[in-house]
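One structure below.
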Amino acid sequence: MKTTPKTVLISGAGVGGLTLGYWLAKYGYDVTIVEQAPSLREGGYAVDLRGPAVTVAARMGLLPGIRAAAIHNEGSYVNERGKVLAEPGKIMELFAGEGDTADAELMRGDLLELLHGATKANVHYIWNDSIRELADDGASVQVTFAHDAPRRFDLVIGADGLHSNVRRLVWGDRPEFTRALRYYVSIFTIPNYLGLKDQELLYRTPGKLAGMYTTHRAEEAKALFYFSSPELSYDFRDVTAQKQLLAQQFAGQGWEVPRLLEAMETAPDFYFDAIRQVTLPEWARGRIALVGDAAYCASPLSGQGSSLALVGAYVLAGELKAAGGAAAQAFAAYETAMRPFVVTNQKSAASSGKQFIPESNMARWFGDVNIRLLPRMPWRTAMVKMFRAPFDAIELKSYEG
């Protein structure tokens, strides 16, 4: 007779962790989420929900809140004088779909608030703490926390991002588990000093992109930087060194870059990281599994990080329900369902960098021309299907019945 595990610990209160907590609690599990931050992370950057992720959000009853919090920025590529060269935002409108299934873009913090609101009554939270040790004896997992008292859980799930603590503790910190795409990204909040409204302005030079876009708060905007580079040595915890590195990379650049870098010094939420993908041979060991970026980060270049986390959490919880809590069976079914979807999106991200951040002025010009011409081309429908293929490359089961 199968025995359903009763207690689950999830590491990370991000999109994947909160979504997993929602579904596992709905299916009768006693769920605890541990998060190293002292509270829910507010703000953040804009994220997209596409295709099956929109379906999952609808099944959670979150779609009205997501639509209400959505941002609708018109994206434009500009030159050093601010003149518009192309409007990729108009192309994205072709790709986004219509009606209830249309894609949604919103700030990550707003999505987390919606997910937290859907879980806080049925999920236990441990804030300002992290996992120090995990001991899986085959029947349960003994968890030693940095601050809280040790406890046993039937299952432990790492939903703690690219630099996953659970992955490091169980799989080890091995270089072959991540793939560097040779790009770096930085995002931070700045005053909306240009008075933008529903706009995203992007300035590109060979191997570099700088931009700013609006949120639903009129007084603020987000500064955005990407650049290509061979592997750089830096400490992902040392913010001061990261700011210096970014300033060096964009020194002498035109448009609004000097003002954006100046605003960086007082930004309340500076983020910088290498763009990497996580490529684990398996996503579970014993009674411990991973979900979202911790298991299969596709990188920001995919535009699918939150969607993969949302869908992956839904599938993992559903397969645990379908297997009656048999962990090995559920984890195997979860990976079988999700891995083709993940691989497709990782391949798409790996090839998109040179389109988004061209390596030459000629490549940039050619891309701008294509953007201007595509809405009038007879093959635009085929292009839309090709663009959307990675986003829709999974057929969701219904586990709720």
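The values are calculated or read from the model by the stated rules, or taken from the named source; none is laboratory data. As the structure is a computational prediction, the values presented were derived from the model and not from experiment. Please note: Cβ atoms are built from the backbone with ideal geometry, for glycine as well, and neighbour counts cover all protein chains shown.
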Considering residues of the range 214-235 that are assigned to a strand (DSSP E or B) and touching a Phe, Trp or Tyr at 6+ places or on another chain (Cβ under 9 Å) only, the residue nearest to Y45 (Cα to Cα): K222
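Each row is one residue, and each column tells you yes or no for (1) surrounded by fewer than 19 Cβ atoms within 10 Å (Cβ to Cβ); (2) hydrophobic (A, V, I, L, M, F, W, C).
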site	(1), (2)
I10	no, yes
A13	no, yes
G16	no, no
G21	no, no
K26	yes, no
Y29	no, no
M60	no, yes
P64	yes, no
Quick test of your reading of the structure: R167 fulfils all but one of (1) surrounded by 20 or more Cβ atoms within 10 Å (Cβ to Cβ); (2) more than 25 Å from G44 (Cβ to Cβ); (3) of a type outside the set (S, T, Y). Name the failing condition by number. (2)
Filter the range 161-183 down to residues that are without any contact (Cβ under 8 Å) to a residue 40 or more places away in the chain and either part of a loop (DSSP other than H, G, I, E, B) or touching a helix residue (DSSP H, G or I) at 6+ places or on another chain (Cβ under 8 Å) (or both), then give me how many there are. 3
Qualifying residue in the range 352-369 (condition: modelled with pLDDT under 95, in contact with a strand residue (DSSP E or B) (Cβ under 7 Å, 6 or more places away or on another chain) and under 19 Å from Y296 (Cβ atoms)): yes
Criterion violated by I275 - all others in (1) free of Cβ contacts under 8 Å to residues at least 12 places away in the same chain; (2) touching a Pro at 6+ places or on another chain (Cβ under 7 Å); (3) among the hydrophobic types (A, V, I, L, M, F, W, C) satisfied: (1)
Being in a helix (DSSP H, G or I) and either touching a residue at least 60 places away in the same chain (Cβ under 8 Å) or in contact with a strand residue (DSSP E or B) (Cβ under 7 Å, 6 or more places away or on another chain) (or both): is that true of A332 here? no
Filter result for the condition that a residue is surrounded by fewer than 17 Cβ atoms within 10 Å (Cβ to Cβ) and charged (D, E, K, R), over K354, K321: K354
Condition check: of a type in the set (F, W, Y) and closer than 27 Å to T19 by Cβ. Does W255 satisfy that? no
Could you look through the range 66-90, keep only residues that are touching a Leu at 6+ places or on another chain (Cβ under 7 Å) and in contact (Cβ under 8 Å) with a residue 60 or more places away in the chain, and pick out the one that is surrounded by the fewest Cβ atoms within 10 Å (Cβ to Cβ)? N79
Restricted to the range 55-78 and to residues being in contact with a strand residue (DSSP E or B) (Cβ under 6 Å, 6 or more places away or on another chain) and not in a helix (DSSP H, G or I), the residue nearest to E256 (Cα to Cα) is V78
I need the full set of residues from the range 344-380 which are in contact with a Lys or Arg (Cβ under 7 Å, 6 or more places away or on another chain) and of a type in the set (D, E, K, R), in order please. R364
With more than 17 Å from G44 (Cα to Cα) and touching a Pro at 6+ places or on another chain (Cβ under 6 Å) as the only criterion, which of D148, D154 stands out? D154
Tally of residues being in a loop (DSSP other than H, G, I, E, B) and in contact with a helix residue (DSSP H, G or I) (Cβ under 6 Å, 6 or more places away or on another chain) across the range 260-293: 6
Residue hits (the range 139-160; in a loop (DSSP other than H, G, I, E, B) and either crowded, with 22+ Cβ neighbours inside 10 Å or among the hydroxyl-bearing types (S, T, Y) (or both)) are S140, A159, D160
Just one listed residue, out of T19, T32, is closer than 23 Å to D160 by Cβ, touching a His at 6+ places or on another chain (Cβ under 6 Å) and not aliphatic (A, V, I, L, M), and it is T32
Would the range 257-270 turn up any residue that is of a type in the set (S, T, N, Q) and either under 25 Å from L308 (Cβ atoms) or touching an Asp or Glu at 6+ places or on another chain (Cβ under 6 Å) (or both)? no
Hey, A326 more than 19 Å from T19 (Cβ to Cβ), surrounded by fewer than 21 Cβ atoms within 10 Å (Cβ to Cβ), in contact with a Leu (Cβ under 9 Å, 6 or more places away or on another chain) and touching a residue at least 40 places away in the same chain (Cβ under 8 Å) or not: yes
For L245, indicate whether it is under 20 Å from T189 (Cα atoms) and without any contact (Cβ under 8 Å) to a residue 24 or more places away in the chain. no
